[in-house]
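Here's the structure we're looking at; comments come further down.
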Amino acid sequence: MSQGFMDVVRQRRSVYGIAKEITVSDERVVEIIREAVKHTPSPFNSQSARVVVLLGGQHDRFWDLTMEALSRMVPPERFAPTEE
């Protein structure tokens, strides 16, 4: 394997903004996730990965609980970037 390739791999970064708006149906999201999990390599082909998909109100409740928990751990003066 060439050193140039490994340098590119080491320097690669992806930054994604998180938003709750999606452009495909809930059914399509579940289908994509199901296929991705099914075909993701696992040790000894054990297929042990599990996924929880939260949509609609369940999604909102999860993030409300997350913010509540984080607000107890992150000092108030440093919470704004966390909340974003």
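The values are calculated or read from the model by the stated rules, or taken from the named source; none is laboratory data. In this text, all values refer to a predicted model and were calculated from it rather than measured experimentally. FYI the Cβ positions are ideal-geometry reconstructions off the backbone, even for glycines, and counts take in every protein chain you see. Side chains included, ligands, DNA and RNA excluded: accessible areas come from the protein's heavy atoms. Shrake-Rupley method; radii C 1.70, N 1.55, O 1.52, S 1.80 Å.
Out of the residues in region 1-43 meeting the condition of being charged (D, E, K, R) and closer than 28 Å to residue 83 by Cα, tell me which one is farthest from the chain's Cα centre (by Cα).
Initially, region 1-43 is screened for residues charged (D, E, K, R), giving 7, 10, 12-13, 20-21, 26-28, 31, 34-35, 38.
Next, only the ones that are closer than 28 Å to residue 83 by Cα stay: 12-13, 20-21, 26.
Details: 12: 18, 13: 15, 20: 12, 21: 14, 26: 16 Å.
Once the filter is applied, the top-ranked residue is 12.
Residue 41 meets the conditions (1) at pLDDT 85 or above; (2) surrounded by 10 or more Cβ atoms within 10 Å (Cβ to Cβ) in every case but one. The failed one is (2). Which one of these does residue 20 not meet: (1) touching a helix residue (DSSP H, G or I) at 6+ places or on another chain (Cβ under 8 Å); (2) surrounded by 10 or more Cβ atoms within 10 Å (Cβ to Cβ); (3) of a type in the set (Lys, Arg)? Every condition holds for residue 20 apart from (2). The set of residues in region 44-73 being open to solvent by 90 Å² or more (accessible area, probe 1.4 Å) and more than 18 Å from the chain's Cα centre (by Cα) consists of 44, 45, 68, 72, 73.
The C-beta contact set for region 40-62 (first residue closer than 18 Å to residue 29 by Cα, second residue among the hydroxyl-bearing types (Ser, Thr, Tyr) and open to solvent by 60 Å² or more (accessible area, probe 1.4 Å), distance under 9 angstrom, 6+ apart or interchain) comprises 49/40.
Within region 10-38, the set of residues being at pLDDT 85 or above and of a type in the set (A, V, I, L, M) comprises 22, 24, 29, 30, 32, 33, 36, 37. Remark: pairs (first residue in region 19-31, without any contact (Cβ under 8 Å) to a residue 60 or more places away in the chain and at negative phi; second residue surrounded by 10 or more Cβ atoms within 10 Å (Cβ to Cβ) and part of a loop (DSSP other than H, G, I, E, B); Cβ separation under 6 Å; 6+ apart in sequence or on different chains) = 26/55; 30/53. Take residue 81 and tell me if it is at pLDDT 85 or above, open to solvent by 90 Å² or more (accessible area, probe 1.4 Å) and assigned to a helix (DSSP H, G or I). Yes; evaluated as a whole, the condition is true for this residue.
Kindly provide the set of residues from region 42-75 that are among the hydroxyl-bearing types (Ser, Thr, Tyr) and not in a helix (DSSP H, G or I), ordered by number.
Initial filter on region 42-75 (among the hydroxyl-bearing types (Ser, Thr, Tyr)): 42, 46, 48, 66, 71.
Residues satisfying the conditions are 42, 46, 48.
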